[in-house]
Amino acid sequence: MTKLQTLMNNLPQGMDGALILSQTNRQYYTGMRSTAGVLLVTRQEAYFLVDFRYYEAACKQVTDCSVVLQEKLYPQLQELMGRHNLHRVGVEDAYLTLAEFAGLEKNLPVELVHDGTLSRLIFDQRMVKTPDEVAQIKRAQEYTDRAFLHILDYIRPGRTEREIALELEFFARRLGADWTSFNFIVVAGENGSQPHGVPGNRPVKDGDFVTMDFGVRCSGYCSDMTRTVAVGAPSEKQRQVYDLVLKAHLESMAAVKPGIPCEEIDAVARNIITQGGYGEHFGHALGHGVGLEIHEEPRFGMGSKTLCAPGQVVTIEPGIYLPGEFGVRIENMVLVTPEGHEDLTKSTRDLLVL
């Protein structure tokens, strides 16, 4: 059964159809990436309305629904909704702007259901990856691992954070990556205490920790990894913090298996870091789902009751961030399997001294 057929079969009672406008969800169900288009889903059939710019490509790429040349969107939607006798249509409250919703409400002769039902249904479906999706994520991670190996010979005192970030991206793109998963994070020395620091013109110095958080996309699917390396001999404190983060990383990853609440995975790492005396310096969730978006469900975080399930791809990324000094984060992606988990990241997690 295709992804689109699954959605059609699982539309909730009291919802005759669904309108999907977001680029990410359109790509998920049609397999085509475009900056425009509307997907109308009914229980009997689905329609992808797309304008002249994408129509030819859509006719070649989209196979699971009828492709309609979009000329006058609202009259076309009205006709299709009337053809299928639609009265209550779900919309993606998680993506729609107020202006977009107002336009739909004004121009369509149906009741729009915007209570989160459709978004939750889609997020739950996207949370469990198909074998093809896993294959694309693995390919993206392969490029990311190779880029990390390449950058180790590039980093040296005098290189700036920005130069390192650009070299990582260019190398991965030359390998075949489509584009980046997000704006790369490369922070050195005291800048490492910023979990989402922006690469700047700070040069790497002897004695620095350099943290690199990066990933690329293949066919739209993301990879995500973080490594912290030492430039020159690290101090005893740097080694101690690195070893603590690595312990939290390894033990929380070992706990990943089906049926375990996500909050319990987070707690494994958080307890280790807290017992080590650095709990207040680990202020973010342990990890997040990865797919067509870099942050998806499920979340390895406090209060997350979602159970680990086969097919989920989630990051494990504990960190410790010491303002004015340095930071350490280590991140791998894991695939939850029926037996436990598969580590998708192949790069070493040992502390590398360059």
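The values are calculated or read from the model by the stated rules, or taken from the named source; none is laboratory data. Fair warning: this is a prediction, and the values are worked out from it, not measured in the lab. All Cβ positions, glycine included, derive from the backbone under ideal geometry; neighbour counts span all protein chains shown. These area figures cover heavy atoms from the full protein model, side chains too; ligands, DNA and RNA do not enter into them. Shrake-Rupley method; radii C 1.70, N 1.55, O 1.52, S 1.80 Å.
Things worth noting here:
- In the condition set (1) over 27 Å from Glu293 (Cα atoms); (2) of a type outside the set (A, V, I, L, M, F, W, C); (3) modelled with pLDDT under 95, Tyr95 is compliant with all but (1).
- Tally of residues being without any contact (Cβ under 8 Å) to a residue 12 or more places away in the chain and either closer than 21 Å to Phe282 by Cβ or part of a strand (DSSP E or B) (or both) across the stretch 168-192: 0
- Positions within the stretch 302-326 being over 19 Å from the mean Cα position of the chain (by Cα) and outside any loop (DSSP other than H, G, I, E, B), in sequence order: Ile320, Tyr321, Leu322, Phe326
- The stretch 9-46, residues that are closer than 26 Å to Gln136 by Cα, in contact with a Ser or Thr (Cβ under 7 Å, 6 or more places away or on another chain) and open to solvent by 10 Å² or more (accessible area, probe 1.4 Å): Gln23
- Among the residues making up the stretch 327-354, those that are touching a strand residue (DSSP E or B) at 6+ places or on another chain (Cβ under 7 Å), closer than 19 Å to Gly192 by Cβ and assigned to a loop (DSSP other than H, G, I, E, B) are Ile330, Ser347, Leu351, Leu352, Leu354.
- Within the stretch 113-141, the set of residues being assigned to a loop (DSSP other than H, G, I, E, B) and more than 17 Å from the chain's Cα centre (by Cα) comprises His114, Asp115, Gly116.
- A Cβ distance below 7 Å, combined with a sequence gap of six or more or placement on separate chains, defines the contacts here; from the stretch 250-266, residues that are closer than 14 Å to Thr315 by Cα and in contact (Cβ under 8 Å) with a residue 60 or more places away in the chain reach residues that are in a helix (DSSP H, G or I) and open to solvent by less than 30 Å² (accessible area, probe 1.4 Å) in the pairs Ser252/Ile265; Ser252/Ala269; Val256/Ile265.
- Cβ-Cβ contacts under 9 Å between residues 6 or more apart (or on different chains), taken from a first residue in the stretch 142-159 that is free of Cβ contacts under 8 Å to residues at least 40 places away in the same chain and part of a loop (DSSP other than H, G, I, E, B) to a second residue that is open to solvent by 60 Å² or more (accessible area, probe 1.4 Å) and of a type outside the set (Ser, Thr, Tyr), are listed as Asp153/Leu354; Tyr154/Glu163.
- Some residue of the stretch 193-208 being open to solvent by less than 10 Å² (accessible area, probe 1.4 Å), at pLDDT 95 or above and not in a loop (DSSP other than H, G, I, E, B): no
- The condition of being open to solvent by less than 20 Å² (accessible area, probe 1.4 Å) and either out of contact with any helix residue (DSSP H, G or I) (no Cβ under 8 Å at 6 or more places or on another chain) or modelled with pLDDT of 95 or more (or both) does not hold for Leu246.
- Here Thr180, Thr226 are screened, and the one residue that is of a type in the set (Ser, Thr, Tyr) and either open to solvent by less than 20 Å² (accessible area, probe 1.4 Å) or at pLDDT below 95 (or both) is Thr226.
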